[in-house]
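S.K.: The structure that follows is given in the form of structure tokens.
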Amino acid sequence: MRKKMVAANWKMNLLQADALHFLEAISKSHLIDFSALDAVIFPPSIYLEKMISRSPQGVQIGAQNFYFENNGPFTGEICLEQLKSINCSCVLIGHSERRIVFSETPQMISEKLNAAVKNGFNCILCIGESQSVRESGDHLLFLHAQLEESIGQLDENVIRNLSLAYEPVWAIGTGLTANLEQINEVHNFIRSYLLKHFPTIGSSLRILYGGSCNEQNAKEIFSCPNVDGGLIGGASLDCSKFLEIIRAAHEVSGIEH
Ligand code: PGA
């Protein structure tokens, strides 16, 4: 059975004191059995080292961004070796804000993913269609193309630590959540793709949902058969909401409180 994963994408939010306070509150929350699920927090990168050194067992701290080259004249960027040097071993790749606001191309995303998996990082790769693609009815074709260009050429052996996140762009930060029918359709589609292309491990890779997932809707979303957790933006900035979402993942996994 796939362990659920709940990941917090803080984006460019929270000051350092808030971030550390959040982590402390999580550490003290004895209601959560962090061995029963994987929790990840993606803070702004300047907090990574401090948060990594203070994170409780079972809570990974990951980088929202990095560049795929090993070193060199790339002002403002961080490479994987630098992340490794502060014990960071988890990265987020392909988020729609990186694709849209920072013009990351499919080629760059594929290079980033290649570099990260080959360096043994745990990766969450985001895919998702825009509102106009959804309205055209071609969302599955679009998502298929995103899968092909990012993981289509990768070998099964290197993607064991990969999780996918389906994040419809129209649902991110909008308060509009995809409905269960839409979520099931896409997650089942992604699962079939994984099973077909990676027959040995396709059933064990996690597929997260992201896009206005919160403490109120998490339980029903996480109950869908191919939803293995969530990538949470807005609701993850509030520690009590984030813990509620983790609790929902616990409940769906059959863990009592
Ligand atoms: P949201 O963001 O939960 O605020 O919609 C999700 C994400 O961008 O990963």
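The values are calculated or read from the model by the stated rules, or taken from the named source; none is laboratory data. The structure presented is a predicted model; accordingly, all values stated were derived computationally and were not measured. Methodologically, a virtual Cβ is constructed for each residue, glycine included, from the backbone with ideal geometry; neighbour enumeration extends over all protein chains shown. Side chains included, ligands, DNA and RNA excluded: accessible areas come from the protein's heavy atoms. Shrake-Rupley method; radii C 1.70, N 1.55, O 1.52, S 1.80 Å.
S.K.: State all residues of the stretch 123-139 that are of a type outside the set (S, T, Y) and surrounded by fewer than 14 Cβ atoms within 10 Å (Cβ to Cβ); if no residue qualifies, say none.
M.R.: Within the stretch 123-139, Q131, E135, G137 meet the criteria.
S.K.: Mind counting the residues in the stretch 196-211 that are in contact (Cβ under 8 Å) with a residue 40 or more places away in the chain, open to solvent by 20 Å² or more (accessible area, probe 1.4 Å) and either within 11 Å of the ligand (Cβ to nearest atom) or not in a loop (DSSP other than H, G, I, E, B) (or both)?
M.R.: Of the residues in the stretch 196-211, 2 are in contact (Cβ under 8 Å) with a residue 40 or more places away in the chain, open to solvent by 20 Å² or more (accessible area, probe 1.4 Å) and either within 11 Å of the ligand (Cβ to nearest atom) or not in a loop (DSSP other than H, G, I, E, B) (or both).
S.K.: Same structure, new question: Return yes when N122 is touching a strand residue (DSSP E or B) at 6+ places or on another chain (Cβ under 6 Å) and among the polar types (S, T, N, Q) and no when it is not.
M.R.: So N122 fits the description; yes.
S.K.: Another question, if that's okay. Can you pull out every residue in the stretch 217-238 that is assigned to a helix (DSSP H, G or I), out of contact with any Leu (no Cβ under 9 Å at 6 or more places or on another chain) and either more than 9 Å from the ligand (Cβ to nearest atom) or open to solvent by 20 Å² or more (accessible area, probe 1.4 Å) (or both)?
M.R.: Listed by number, the residues that qualify are A218, K219, F222, G234.
S.K.: Please state which one of F68, F42 is surrounded by fewer than 21 Cβ atoms within 10 Å (Cβ to Cβ) and under 18 Å from N161 (Cβ atoms).
M.R.: Only one candidate passes the filter, namely F68.
S.K.: If you don't mind, there's one more thing I want to ask. Is it the case that L143 is under 24 Å from F242 (Cα atoms) and in contact (Cβ under 8 Å) with a residue 40 or more places away in the chain?
M.R.: Criteria not met by L143.
S.K.: Inspect the stretch 168-183 for any residue being polar (S, T, N, Q) and touching a Leu at 6+ places or on another chain (Cβ under 8 Å) and give the result as yes or no.
M.R.: So far as the stretch 168-183 goes, no, none of its residues is polar (S, T, N, Q) and touching a Leu at 6+ places or on another chain (Cβ under 8 Å).
S.K.: Can you pull out every residue in the stretch 93-122 that is within 23 Å of A171 (Cβ to Cβ), touching a Lys or Arg at 6+ places or on another chain (Cβ under 9 Å), open to solvent by less than 50 Å² (accessible area, probe 1.4 Å) and not in a loop (DSSP other than H, G, I, E, B)?
M.R.: I93, I109
S.K.: Within the stretch 155-181, which residues are without any contact (Cβ under 8 Å) to a residue 12 or more places away in the chain and closer than 22 Å to I109 by Cα?
M.R.: Across the stretch 155-181, the qualifying residues are D155, N157.
S.K.: Name the single residue that is farthest from the ligand (Cβ to nearest atom) among those in the stretch 143-195 being outside any loop (DSSP other than H, G, I, E, B) and among the polar types (S, T, N, Q).
M.R.: Taking the candidates together, the pick is N157.
S.K.: Which condition breaks for C90 when tested against (1) hydrophobic (A, V, I, L, M, F, W, C); (2) in contact with a Phe, Trp or Tyr (Cβ under 9 Å, 6 or more places away or on another chain); (3) surrounded by fewer than 18 Cβ atoms within 10 Å (Cβ to Cβ)?
M.R.: Checking C90 against (1) hydrophobic (A, V, I, L, M, F, W, C); (2) in contact with a Phe, Trp or Tyr (Cβ under 9 Å, 6 or more places away or on another chain); (3) surrounded by fewer than 18 Cβ atoms within 10 Å (Cβ to Cβ), the one that fails is (3).
S.K.: I would also like to ask the following. Criterion first (in contact with a helix residue (DSSP H, G or I) (Cβ under 7 Å, 6 or more places away or on another chain), surrounded by fewer than 15 Cβ atoms within 10 Å (Cβ to Cβ) and of a type in the set (A, V, I, L, M)) does L176 satisfy it?
M.R.: yes
S.K.: Take N214 and tell me if it is surrounded by 14 or more Cβ atoms within 10 Å (Cβ to Cβ), within 11 Å of the ligand (Cβ to nearest atom), at pLDDT 95 or above and not small (G, A, S).
M.R.: Yes; evaluated as a whole, the condition is true for this residue.
S.K.: Do the conditions hold for M5, that is, is it within 16 Å of the ligand (Cβ to nearest atom), under 18 Å from E244 (Cβ atoms), modelled with pLDDT of 95 or more and not charged (D, E, K, R)?
M.R.: So M5 fits the description; yes.
S.K.: Of the conditions (1) under 21 Å from E251 (Cα atoms); (2) in contact (Cβ under 8 Å) with a residue 40 or more places away in the chain; (3) of a type outside the set (F, W, Y), C90 fails just one. Which one is it?
M.R.: Failed condition: (1).
S.K.: In addition: Of all the residues that make up the stretch 8-37, how many are within 16 Å of the ligand (Cβ to nearest atom), of a type outside the set (S, T, N, Q) and within 18 Å of the chain's Cα centre (by Cα)?
M.R.: Number satisfying all stated conditions: 4.
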